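Colleague: Quick one: this structure, given as structure tokens, is what I'll be asking you about.
The values are calculated or read from the model by the stated rules, or taken from the named source; none is laboratory data. Model, not experiment: these values are computed from the prediction. Glycine gets a Cβ as well: all are built from the backbone with ideal geometry, and neighbour counts include every protein chain shown.
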Amino acid sequence: MRFDLSAGRFVETDVRADAWAVIGADRALHWHELAAEAQAWAERAREQGFGTDVPVIVRGHKEAAFFVAMTGALLLGAPFVPVDTIYPEERMRRIATTLGAQIYFDAQHDRFVNLNGGAQPNSNEPPAQPLREKNLAYVLFTSGTTGEPKGVQIGRESVAALAAWMAADFALGDAPVFLNQAPFSFDLSMYEVFGTLASGGTVVLASRALTAQGAALLATLEHHGVTTWVSTPSFAQQQLLNPQFSQAGLPALRTFLFCGEVLPLALARQLRQRFPAARIINTYGPTEATVATTWIVVDDAVLAQHARLPIGHAKRDAEVFVEAGELCIAGAHVMRGYLNRDDLNAARMFTHHGQRAFRTGDLGALEGDGLLFCHGRMDDQIKVGGYRIELMEIDAALRALPGVASAAAVPLRRPDGSVARIVAFVAFVATGSDDRRLPDVLHDWKTLLGARLPPYMIPSELLACRALPVSVNFKIDRVQLAQDYRDAHLNAQRPANA
Ligand code: AMP
């Protein structure tokens, strides 16, 4: 059995209906159970007023019901909006406001929840505003520079193209068994969601609790015969600390599928040694172009030829080109646009050879051998452990703290350019005093920020300053602030009489 993404329904195949479809953190479902539960979920959602083109927020973390709800939404024609519980409820509420949503699905408790407290929504009104864009598969909210998450609208044609590409080029076998580690609110996870549905494979949902225990995670993956590892490079890097993370520990593993951030050469080399029978595929692309757009198999020849790994070449039916130093993407997998953000759509989207096209904001180059490279960002977007963060979203949350007049989140980078952690500088509303200690109201600033931001966006330190430096174009000078931070630390480390 598998799910036909073009037809939007389950179809029988040679893969038996009693094979595993979803190994959730709480319970597991065979394919026939997934089909029955998804159908039942679609009926329940219909009773709540959801239907074609009416988006449904699904909130939870790695429950089988989360997967059921996404599949049920595909059956119903309702775009799903995945929100992991790593995000505070306040963020989900802001997403709900953007969608005009009054009801969401709580996968942890397997129930629909009314966002207006106990009050029943008006039964004549839809539970969320029907979308202007028709026939979407999902809307995924990603970090936004204004402080509001922005909704990336992905069409059903785009996910069908994703699954077709995976089947044609990734050589994952007939019924792959995927590791799912990224939250469903991170589009990397859509590899496993649509890869599993389209192929009739299996997905193993690894919760944060499980991934925190390296040995238990590997035992689970070994037990279920995981063939296809999907994660950011950062997550695989963490696993290398465990000597069991090897071909002997995971004998069925045949593919590492990476996306979301730079794949370091040293990591790829170590994986080649530990997993001689596995292919390493480096893929690149923003959420706005349905998970990934370029790819390359990182074999020994590629490792020998490059000091920094390329992102490869465009996938079939897509075009990638460099315009004024920026990577641009065209194809049916490019989003339909950001939800209700005509300003951004006008700036970032265009038509190229009759296809939707997107300016990524990534610096790129096409080298002589025809391979593409990504050389970082043109803007203030960063990656921490693969998570995408707009520094301006953190700035906005910092400015909302009591007494704060202006603020800047500053990434501290390792020598290779990757971000080790984020610190924050804040200037307070003028009081006439020159006191640069944090006021008492801010003693629990991490908790205050945590009401609005997920843990990975919360700076590790908060530093008070009189005023924030600005660069020639009057933008906050984060490079200067990072330098100030390093200088202050070096001074603090020097002996007093030096
Ligand atoms: P996201 O939308 O979270 O998938 O993040 C997309 C961004 O991550 C891209 O625009 C790049 O800046 C970065 N990125 C994704 N994949 C790669 C890769 N393989 N190599 C380098 N950077 C990447």
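Colleague: Scan the range 367-388 residue by residue and report those that are within 9 Å of the ligand (Cβ to nearest atom), under 21 Å from VAL230 (Cβ atoms) and small (Gly, Ala, Ser).
Modeller: Once the filter is applied, which keeps residues that are within 9 Å of the ligand (Cβ to nearest atom), under 21 Å from VAL230 (Cβ atoms) and small (Gly, Ala, Ser), the range 367-388 yields only GLY386.
Colleague: If only one of SER185, SER189 is within 26 Å of ASP18 (Cβ to Cβ), within 16 Å of the ligand (Cβ to nearest atom) and either part of a loop (DSSP other than H, G, I, E, B) or out of contact with any Phe, Trp or Tyr (no Cβ under 6 Å at 6 or more places or on another chain) (or both), which one is it?
Modeller: Of the residues listed, the single one that is within 26 Å of ASP18 (Cβ to Cβ), within 16 Å of the ligand (Cβ to nearest atom) and either part of a loop (DSSP other than H, G, I, E, B) or out of contact with any Phe, Trp or Tyr (no Cβ under 6 Å at 6 or more places or on another chain) (or both) is SER189.
Colleague: I need the full set of residues from the range 387-400 which are in contact with a strand residue (DSSP E or B) (Cβ under 7 Å, 6 or more places away or on another chain) and among the aliphatic types (A, V, I, L, M), in order please.
Modeller: Listed by number, the residues that qualify are ILE389, LEU391, ILE394, LEU398.
Colleague: Looking at the structure I just gave you, is LEU391 surrounded by fewer than 20 Cβ atoms within 10 Å (Cβ to Cβ), under 25 Å from THR287 (Cβ atoms) and within 16 Å of the ligand (Cβ to nearest atom)?
Modeller: no
Colleague: May I pose another question? Please enumerate the residues belonging to the range 145-159 that are buried (at least 21 other Cβ atoms within 10 Å of the Cβ) and not in a strand (DSSP E or B).
Modeller: Listed by number, the residues that qualify are PRO149, SER158, VAL159.
Colleague: Give me the pairs: first residue in the range 286-308 and farther than 25 Å from GLU157 by Cβ, second residue outside any loop (DSSP other than H, G, I, E, B) and away from the ligand (no atom under 15 Å from the Cβ), beta-carbon distance under 9 Å, and six or more apart or on different chains, which are they?
Modeller: That search, which allows pairs on different chains as well, returns VAL297/ARG279; VAL298/ARG272; VAL298/ARG279; ASP299/ARG272; ASP299/ARG279; ASP300/ARG272; LEU303/ARG269; LEU303/ARG272.
Colleague: Would you confirm whether or not the range 204-220 contains a residue that is among the hydrophobic types (A, V, I, L, M, F, W, C), under 16 Å from the mean Cα position of the chain (by Cα), modelled with pLDDT of 95 or more and not in a loop (DSSP other than H, G, I, E, B)?
Modeller: The answer is yes; a qualifying residue exists.
Colleague: What about VAL320, is it aliphatic (A, V, I, L, M) and within 23 Å of the chain's Cα centre (by Cα)?
Modeller: Judged against the criteria, VAL320 is a match.
Colleague: Just need a number here: residues in the range 297-315 that are assigned to a strand (DSSP E or B) and either at positive phi or within 9 Å of the ligand (Cβ to nearest atom) (or both).
Modeller: Residues that pass the stated criteria total 1.
Colleague: Hey, does the range 255-262 have a residue that's part of a loop (DSSP other than H, G, I, E, B), surrounded by fewer than 20 Cβ atoms within 10 Å (Cβ to Cβ) and not charged (D, E, K, R)?
Modeller: Within the range 255-262 (the criterion being part of a loop (DSSP other than H, G, I, E, B), surrounded by fewer than 20 Cβ atoms within 10 Å (Cβ to Cβ) and not charged (D, E, K, R)), the answer is no, since none of the residues qualifies.
Colleague: From the residues in the range 130-144 that are in contact (Cβ under 8 Å) with a residue 40 or more places away in the chain and assigned to a loop (DSSP other than H, G, I, E, B), which one is farthest from ILE57 (Cα to Cα)?
Modeller: By that ranking, first place goes to GLY144.
Colleague: Can you confirm whether the range 356-366 contains a residue that is at pLDDT 95 or above, more than 16 Å from the ligand (Cβ to nearest atom) and in a strand (DSSP E or B)?
Modeller: yes
Colleague: I'm checking my understanding of the structure. Among residues of the range 286-295 that are of a type outside the set (Val, Ile, Thr) and closer than 15 Å to CYS328 by Cβ, which one is farthest from the ligand (Cβ to nearest atom)?
Modeller: ALA289
Colleague: Out of LEU179, LEU241, LEU172, which single residue is outside any helix (DSSP H, G or I) and at pLDDT below 95?
Modeller: LEU241
Colleague: Yes or no: the range 288-311 includes at least one residue that is farther than 18 Å from GLY370 by Cβ and of a type in the set (Ser, Thr, Tyr).
Modeller: yes
Colleague: Right, next: Assuming PHE235 fulfils every condition listed in (1) modelled with pLDDT of 95 or more; (2) away from the ligand (no atom under 16 Å from the Cβ); (3) of a type outside the set (S, T, N, Q); (4) surrounded by fewer than 23 Cβ atoms within 10 Å (Cβ to Cβ) apart from one, which condition is it?
Modeller: (2)
Colleague: Hey, another quick one. If you check ALA248 against the conditions, is it in contact (Cβ under 8 Å) with a residue 12 or more places away in the chain, assigned to a loop (DSSP other than H, G, I, E, B) and over 24 Å from the mean Cα position of the chain (by Cα)?
Modeller: No, not satisfied.
Colleague: Of the residues THR360, THR351, which single one is in contact with a Pro (Cβ under 6 Å, 6 or more places away or on another chain) and among the hydroxyl-bearing types (Ser, Thr, Tyr)?
Modeller: So the residue among THR360, THR351 that is in contact with a Pro (Cβ under 6 Å, 6 or more places away or on another chain) and among the hydroxyl-bearing types (Ser, Thr, Tyr) is THR360.
Colleague: Something else: Give the residue that is nearest to the chain's Cα centre (by Cα), with candidates limited to residues of the range 267-285 that are more than 15 Å from the ligand (Cβ to nearest atom) and either without any contact (Cβ under 8 Å) to a residue 12 or more places away in the chain or not in a loop (DSSP other than H, G, I, E, B) (or both).
Modeller: ARG279
Colleague: If we scan the range 334-347, do we find a residue that is under 24 Å from ILE296 (Cα atoms), more than 10 Å from the ligand (Cβ to nearest atom), β-branched (Val, Ile, Thr) and touching a residue at least 24 places away in the same chain (Cβ under 8 Å)?
Modeller: yes
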